[in-house]
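Data block below; observations after.
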């Protein structure tokens, strides 16, 4: 017969409490994604029309259609589209759950320092997604459609017959890639805030950052120069803004130290 008092571990109780809370936060996040998925699936045709609109505009009034070659392709594409949109809608809830899980373990001045990064994340993501949709898509789709050729004597016409799954996958991937790339200032400034990086290191690393940014732009965008430059130039600007923000963070660090740990 074991003694219950011998099985009690005071160090184990906080760990179990954190795991229970983590499970609760994950459940709320998954519920938010499920609700967002349901809402987006109900409006999947409208979301589809929104994503296809740049291609329709780039077609210059010519008749255009998207096809699907598999019996379940359109249905699976709508499922992916709804899940993609559901994650977008659920992001505020997910971010709030992350904040509620992390905030109790931070001091007051640490919460004040971390909160702006949490707020800047969706703003920058939306800015990157808007850049992709309103600026990159029209130019990129016009470029790709320029390879169409009308019928000529002794030759067959070249005309785009895009599959709906390929087009939407490409569109969603580009939007997500642009939004993710625009998180660079948040990551760099946060690393500066915790002392891993500094404004001086970022300035010294600038020449390498330029190369890495253009490499990332080439990987994340369609294989045309316009799309790559459209992503690289904003990222270069964001990198310079990250250096300025890092300097401001370094100046404010003595004030946080003077404030001391406060619950």
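The values are calculated or read from the model by the stated rules, or taken from the named source; none is laboratory data. The structure presented is a predicted model; accordingly, all values stated were derived computationally and were not measured. Positions of Cβ are generated from backbone atoms using ideal geometry, with glycine treated the same way; all protein chains shown enter the neighbour counts.
Hey, any hits in segment 182-200 for a residue that's in a helix (DSSP H, G or I) and surrounded by fewer than 16 Cβ atoms within 10 Å (Cβ to Cβ)? Scanning segment 182-200 turns up at least one residue that is in a helix (DSSP H, G or I) and surrounded by fewer than 16 Cβ atoms within 10 Å (Cβ to Cβ). Only one of (1) surrounded by 15 or more Cβ atoms within 10 Å (Cβ to Cβ); (2) assigned to a loop (DSSP other than H, G, I, E, B); (3) free of Cβ contacts under 8 Å to residues at least 40 places away in the same chain fails for residue 222. Which number is that? Unmet condition: (3). Residue pairs whose Cβ atoms lie under 7 Å apart, separated by 6 or more positions or on different chains, with the first residue in segment 41-56 and over 12 Å from residue 167 (Cα atoms) and the second crowded, with 18+ Cβ neighbours inside 10 Å and modelled with pLDDT of 90 or more, are 41/78; 41/82; 44/78; 44/81; 44/82; 47/40; 47/81; 47/85. Restricting the first member to segment 182-210 and to residues that are farther than 26 Å from residue 132 by Cβ, and the second to residues that are in a loop (DSSP other than H, G, I, E, B), the beta-carbon pairs closer than 7 Å and six or more apart or on different chains are 192/198.
How many of the residues making up segment 207-222 are within 19 Å of the chain's Cα centre (by Cα) and at pLDDT 90 or above? Matching residues across segment 207-222 total 4. So, residue 104, is that one assigned to a helix (DSSP H, G or I), in contact with a helix residue (DSSP H, G or I) (Cβ under 7 Å, 6 or more places away or on another chain) and either under 30 Å from residue 76 (Cα atoms) or at pLDDT below 90 (or both) or not? When the stated conditions are applied, residue 104 does not pass them. Restricting attention to segment 57-72, does a residue exist that is free of Cβ contacts under 8 Å to residues at least 12 places away in the same chain and in a helix (DSSP H, G or I)? Among the residues of segment 57-72, not one is free of Cβ contacts under 8 Å to residues at least 12 places away in the same chain and in a helix (DSSP H, G or I), which makes the answer no.
When we screen 161, 148 for residues that are in contact (Cβ under 8 Å) with a residue 40 or more places away in the chain, exposed (fewer than 14 other Cβ atoms within 10 Å of the Cβ) and closer than 18 Å to residue 55 by Cα, the only hit is 161.
Out of everything in segment 131-164 that is more than 25 Å from residue 69 (Cα to Cα) and in a loop (DSSP other than H, G, I, E, B), what residue ends up being modelled with the lowest pLDDT? By that ranking, first place goes to 154. As for segment 198-220, it holds no residue that is touching a helix residue (DSSP H, G or I) at 6+ places or on another chain (Cβ under 9 Å) and at positive phi. Scanning segment 115-127 for residues being touching a residue at least 60 places away in the same chain (Cβ under 8 Å) and crowded, with 16+ Cβ neighbours inside 10 Å gives a total of 3.
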